[in-house]
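Starting off with a structure, shown below.
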Amino acid sequence: MDRAGVRNYRLLARMLLSRLASAGPGSAEAAREAGRAWGRYLADPPPPFRRLTEEEAITRLTALLADLGFAPEPEQGAPAPEMIRLRHCPFLELAEEYGSVVCPLHLGLMQGALAEWAAPVTATALEPFAEPGACLTHLRHAARPGAGGRAHEPTEPAPTGPTAAQKGE
């Protein structure tokens, strides 16, 4: 086999994507699941017993997306952004033609990486071509105690002395 010969991976990608896209209503979910599997595979796990903070998880996600060629830009002004702009698509021509499977695959990739890290944030949606020159990834942060006054607070103080049952009443 001549290893110096011409390769046409784009044609191969188009063949596979056209088959997946024609598979019917489950094709987007199949693409998302493939993305999740690859996201888990590509994510370098943190050390054992180490939980990432939201900021660390988003930093890792941004680095992974940058390594893959997405030119990510997290939303400015918040330590834990709720959106990441993807300024470049390494599969742009394929996404334009087969966005119904390429874009769910990208969302799944992010979801898989965040799941592998047991991150306190998840990618909930990807808006393809939402802005001129960018797709938007939406993030949801895990509920934090004390955020928005939603943390559980007892309505009555805990008893400090013996209870009625302990007193024999």
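The values are calculated or read from the model by the stated rules, or taken from the named source; none is laboratory data. Just so you know, these numbers come straight off a predicted model, no measurement behind them. Don't worry about glycine lacking a Cβ; one is built from the backbone with ideal geometry, like all the others, and counts go over all protein chains shown. Side chains are part of the model used for accessible areas, which takes the heavy atoms of the whole protein and leaves out ligands, DNA and RNA. Shrake-Rupley method; radii C 1.70, N 1.55, O 1.52, S 1.80 Å.
Being of a type in the set (Ser, Thr, Tyr), under 14 Å from the mean Cα position of the chain (by Cα) and more than 22 Å from ALA31 (Cβ to Cβ): is that true of THR122 here? Break it down into steps so the answer makes sense when it comes.
Details: of a type in the set (Ser, Thr, Tyr): yes; under 14 Å from the mean Cα position of the chain (by Cα): yes; more than 22 Å from ALA31 (Cβ to Cβ): no.
So THR122 does not fit the description; no.
A follow-up question, please. Is there a residue in the stretch 4-23 that is of a type in the set (S, T, N, Q), without any contact (Cβ under 8 Å) to a residue 60 or more places away in the chain, touching an Asp or Glu at 6+ places or on another chain (Cβ under 9 Å) and part of a helix (DSSP H, G or I)?
no
Still on this structure, I have one more. Condition first: over 13 Å from VAL102 (Cβ atoms) and either open to solvent by less than 40 Å² (accessible area, probe 1.4 Å) or not in a helix (DSSP H, G or I) (or both). Now tell me which residues in the stretch 24-34 satisfy that. Show your work before the answer.
Keep residues of the stretch 24-34 that are over 13 Å from VAL102 (Cβ atoms), which gives 24-26, 29, 33.
Across the stretch 24-34, the qualifying residues are GLY24, PRO25, GLY26.
Something else now. Looking at PHE91 and the list (1) under 15 Å from the mean Cα position of the chain (by Cα); (2) under 19 Å from ARG14 (Cβ atoms), which single condition is not satisfied?
(1)
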